[in-house]
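Worksheet: the structure to be examined is printed underneath.
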Amino acid sequence: MARAKIGIIGATGSIGVQTISVIAENADKFEVVFLSAHQNASALKALGERVNAKHLILTGDGFGELERVIDDNELDIALVGASGTSIIPIAYQLACKGIRLAIANKECIVSAGRQIMAAARTHSSVIMPVDSEHSALFQCMAGNNRCDIASFILTASGGAFRDTPADKLKDVTVKDATTNPNWKMGRKITIDSATMMNKGLELIEAHMLFDIEPKKLQVVIHPQSIVHSMVSYLDGSTLAQMGNPDMRVPISYALGYPDRLNSGVSPLDFSKAMELSFCPPDLKKYKCLDIAIRVLNGGKSAEMIAMNAINELAVDAFVKEKLSFVGIGDMIERCLADLSYAEPNSVEDVLEIDESVRKRVLNG
Ligand code: NDP
Ligand code: MG
């Protein structure tokens, strides 16, 4: 069988490196057309050699070369593992290419999900979720009627401060916030997990990817990160997707679907005792999640774009020790209340809102 032609954007990141590890495990199934990184040339070169990539692209000076390689080469699959919203035009270009598009970048879906999903429908691209919760939802929906679904339940680890009382959060440091108990990820997403904005972004991501009404979406804290999300049906059944917390599982599902690839991850070992527990999140403690739920319920794309942009700025300020941890939620709430934008009709509108929000917030 012909090998699938694949391109990976953000190859040097946490998601990118794990994707390359899945490809290396399944070298007979993939032909790597390109890998991109932003600045890390030496890591990119080493990864390129590992999977024999045809093109290696650095995007630090702009997306021109990446756009050209995407235009000029036949692709079956592209994986967007780059961070941040600046990659939106590339995700959109790929969605217009009539290929399978595996997207890990949730900020991109939160901000431009409507436009990317519409382009995928028009050009017969298939969007595959890489985020573990959305991969779980996808898997729990497979083979069932959409109209029989009662609710979608996203699980959350609770992040670095799951067991920290709310009144102690004012004293936590950047180092404390960049340690996730269950998942090893990039820095920004680890801090988002600690504030639970990550779950807020994921609620909006689920809404965009699967066209789910906000009232059918729910979040539950599941400290073990074994159940990656669940779908409840009208007959009282709840289907869960389980596995060790390792992103190579959802990555390999997105690349291999409908086949299951060898991801290099062992299944759960039920010969050992295991406990699974669940509890609802405290929305007073996790203010960022509360804000995201309100934004989701409001249904305005412009507000989702703004919330995501302000969160990125707030996390950056926290990392630079210019803002306290609890200041992140306060800043998002305050800035959101001061802003108002018309709804975007195109990717250009999305980028304009994103940029304008950042400018207004940074200029006070
Ligand atoms: P990392 O910070 O580890 O990696 C980011 C990657 O993107 C690197 O290859 C980096 O290149 C590249 N990059 C950085 N800035 C830009 C830019 N402006 N334009 C293009 N490329 C850029 O991030 P993660 O792998 O943790 O996360 C990537 C995305 O996946 C995020 O959107 C995150 O929310 C999402 N995600 C991550 C999960 C995880 O487990 N890590 C789980 C679910 C979703 P360079 O190395 O050269 O800087
Ligand atoms: Mg996730």
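The table that follows gives values for the structure above.
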{"item": "Some residue of region 196-212 being within 13 Å of ligand 2 (Cβ to nearest atom), under 20 Å from Asn145 (Cβ atoms) and crowded, with 21+ Cβ neighbours inside 10 Å", "result": "yes"}
{"item": "Top-ranked residue of region 317-337 - restricted to ones that are open to solvent by 50 Å² or more (accessible area, probe 1.4 Å) and without any contact (Cβ under 8 Å) to a residue 12 or more places away in the chain, ranked as farthest from Ile109 (Cα to Cα)", "result": "Lys322"}
{"item": "Filter result for Lys188 (within 14 Å of ligand 2 (Cβ to nearest atom), open to solvent by 60 Å² or more (accessible area, probe 1.4 Å) and either touching a residue at least 60 places away in the same chain (Cβ under 8 Å) or closer than 21 Å to Phe318 by Cα (or both))", "result": "no"}
{"item": "Meets criteria (closer than 27 Å to Ala4 by Cβ and either more than 16 Å from ligand 1 (Cβ to nearest atom) or basic (Lys, Arg) (or both)) for His134", "result": "no"}
{"item": "Leading residue by the ranking (nearest to ligand 2 (Cβ to nearest atom)) among those in region 127-152 that are part of a loop (DSSP other than H, G, I, E, B) and either of a type in the set (Lys, Arg) or free of Cβ contacts under 8 Å to residues at least 24 places away in the same chain (or both)", "result": "Ala142"}
{"item": "Residue pairs meeting the criteria (Cβ under 6 Å; at least 6 apart or on separate chains; first at negative phi and at pLDDT 95 or above, in region 194-209; second crowded, with 24+ Cβ neighbours inside 10 Å and of a type in the set (Lys, Arg))", "result": "Leu201/Lys106; Glu205/Lys106"}
{"item": "Verdict on Gly364 being farther than 25 Å from Lys216 by Cβ, part of a loop (DSSP other than H, G, I, E, B), over 18 Å from the mean Cα position of the chain (by Cα) and not hydroxyl-bearing (Ser, Thr, Tyr)", "result": "yes"}
{"item": "Selection count, region 103-145, where residues are out of contact with any Asp or Glu (no Cβ under 9 Å at 6 or more places or on another chain) and of a type in the set (Lys, Arg)", "result": "2"}
{"item": "Elements of type strands (runs of 3 or more DSSP E) in region 50-105, at least 3 residues being open to solvent by less than 40 Å² (accessible area, probe 1.4 Å)", "result": "77-80, 100-103"}
{"item": "Per-region count, region 28-42, residues over 22 Å from the mean Cα position of the chain (by Cα) and surrounded by fewer than 16 Cβ atoms within 10 Å (Cβ to Cβ)", "result": "3"}
{"item": "Residues that are β-branched (Val, Ile, Thr) and within 25 Å of Asp290 (Cα to Cα), drawn from region 334-364", "result": "Val350, Ile353, Val357, Val361"}
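The values are calculated or read from the model by the stated rules, or taken from the named source; none is laboratory data. Quick caveat, the model's predicted, so the values are computed rather than measured. All Cβ positions, even for glycine, are placed from backbone atoms using ideal geometry, and neighbour counts span all protein chains on display. For accessibility, only protein heavy atoms count, side chains too; no ligands or nucleic acids. Shrake-Rupley method; radii C 1.70, N 1.55, O 1.52, S 1.80 Å.
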